[in-house]
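Peer 1: Just passing along the structure, written as structure tokens.
The values are calculated or read from the model by the stated rules, or taken from the named source; none is laboratory data. Note that this is a predicted model, so its numbers are computed, not measured. Cβ atoms come from the backbone with ideal geometry, glycine included; neighbour counts cover every protein chain shown. What goes into the accessible areas is simple: the full protein's heavy atoms, side chains included, and nothing from ligands, DNA or RNA. Shrake-Rupley method; radii C 1.70, N 1.55, O 1.52, S 1.80 Å.
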Amino acid sequence: MGGLTATALLGAQRVAAAPAAGPGLDDPAKKEIAMKLVSSAENSSLDWKAQYRYIEDIGDGRGYTAGIIGFCSGTGDMLDLVELYADRKPGNVLAEYLPALRDVNGTDSHDGLDPNFPGDWRRAAQDTAFQQAQNDERDRVYFNPAVTQGKADGLRALGQFTYYDAIVMHGDGGDSTSFSSIRRRALRSAKLPAQGGDETTYLNAFLDARAWAMKQEEAHSDTSRVDTEQRVFLRNGNLDLNPPLDWKVYGDSYHIG
């Protein structure tokens, strides 16, 4: 009994000595960092709020890409966003495009959208109701699921961010390069922290799987947002994603103090 008691006490001491995890990615300051990191990769700017008005076809087969998270006319999330905006503000400048957005969903077509949709998107982006709709859809579809899964997996803020960035780019459908498939691929070679695995080892496995997924698609084959951003933070042991942060994406350097 004495040996068991001593072992239990030593275990308790080890637990007490472990560093306390910092705030999760849903902490307001951490979420702001996450938005800047994504914007550096998606828009070559830390000013993520300037991206409400962003819209272009980047040639990735998803039609128009727009807004703070890259809502796409070909993947359904832009349609969901515009429907939400129409529900909240009937008759808005984008409402007339709903039939066209339904028709082009699943394709890269601009039928019914050109030539005025990009200009009308930028007009709508001046409306705080549309900005809030973008925020809410970002959280519902991308941010909240990533953070929830990250916390369940035992990941701190950096790991939660790696999930968020992956869902932003790949979505979470049923294909082999979706977020859930990337996560399953990582689990073939590493245990989750929630399963007793080492957090850094698991995140390296996840980033390996993420890089593989990116290379399957020409438009996303530049893996610098993994190699010179997320892996930099991981090598530095910055699992809580604490500033200062220095990284590069597509050759451009960024800093958060």
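Peer 1: About its Cα centre, how strong a charge dipole does the chain have in debye, to the nearest 20, once Lys and Arg get +1 and Asp and Glu get -1 at the Cβ? Intermediate results must be reported in sequence, preceding the final value.
Peer 2: Working: 27 positive and 37 negative charges, 233 e Å.
That gives the chain a dipole magnitude of about 1120 debye.
Peer 1: Next up: Please report the relative contact order for the range 138-257, taking Cα pairs under 8 Å with a sequence separation of at least 6, and give it as a percent rounded to a whole number. Present the calculation step by step, with values, prior to reporting the outcome.
Peer 2: On the way: 153 pairs, mean separation 24.0, N = 120.
Computed over the range 138-257, the figure is 20 percent.
Peer 1: If contacts are Cα pairs under 8 angstrom and at least 6 residues apart, what is the relative contact order of the chain in percent?
Peer 2: Relative contact order for the chain comes out at 15 percent.
Peer 1: How fast does the range 140-198 diffuse by Stokes-Einstein, in µm²/s, taking the Kirkwood radius from C-alpha pairs at 25 °C and 0.890 mPa s? Intermediate results must be reported in sequence, preceding the final value.
Peer 2: Values: Rh = 11.4 Å.
Using the Kirkwood radius from Cα pairs, D works out to 214 µm²/s.
Peer 1: Keeping every protein chain in place, order D136, D111, D172 by accessible area at 1.4 Å, biggest value first, i.e. largest first.
Peer 2: The ranking, largest first, comes out as D111, D172, D136.
Peer 1: For every helix of n ≥ 4 consecutive DSSP H residues, a contribution of -39,500 (n - 2.57) applies; sum these over the chain, divide by its total residues, and give [θ] at 222 nm rounded to the nearest 500 deg cm²/dmol. Mind showing how you got there, number by number?
Peer 2: On the way: 11 runs with 123 residues, N = 257.
The per-residue figure over the chain is -14500 deg cm²/dmol.
Peer 1: Kirkwood Rh and Cα-based Rg: tell me the resulting Rg over Rh for the range 175-234, rounded to two decimals.
Peer 2: Over the Cα atoms of the range 175-234, Rg/Rh equals 0.99.
Peer 1: When Rg is the radius of gyration of the Cα atoms in the range 106-257 and Rh is its Kirkwood radius, what does Rg/Rh come to? Don't jump to the answer; show the numbers that get you there.
Peer 2: Working: Rg = 17.4 Å, Rh = 17.1 Å.
Using Cα coordinates only, the ratio equals 1.02.
Peer 1: Is there a pair in K89/K215; K151/K248; K89/K151 whose C-alpha atoms are over 29 Å apart, and which pairs would that be? Each step should come with its number before you reach the end.
Peer 2: On the way: K89/K215 40 Å; K151/K248 27 Å; K89/K151 35 Å.
Result: K89/K215; K89/K151 exceed 29 Å.
Peer 1: With +1 assigned to the C-beta of every Lys and Arg and -1 to the C-beta of every Asp and Glu, and no other charges, what is the dipole magnitude of the range 155-257 about the Cα centre in debye, to the nearest 20? Write out the running numbers ahead of the final one.
Peer 2: Values: 12 positive and 14 negative charges, 79 e Å.
So the magnitude is around 380 debye.
Peer 1: Report Rg/Rh for the chain, rounded to two decimals, where Rg is the Cα radius of gyration and Rh the Kirkwood radius.
Peer 2: Dividing the radius of gyration by the Kirkwood radius yields 1.05.
Peer 1: Calculate I(q)/I(0) for the range 35-177 by the Debye formula, one identical point scatterer on each C-alpha and no solvent, and give its log10 at q = 0.09 Å⁻¹ to two decimals.
Peer 2: The Debye formula, applied to the Cα set alone, gives -0.27.
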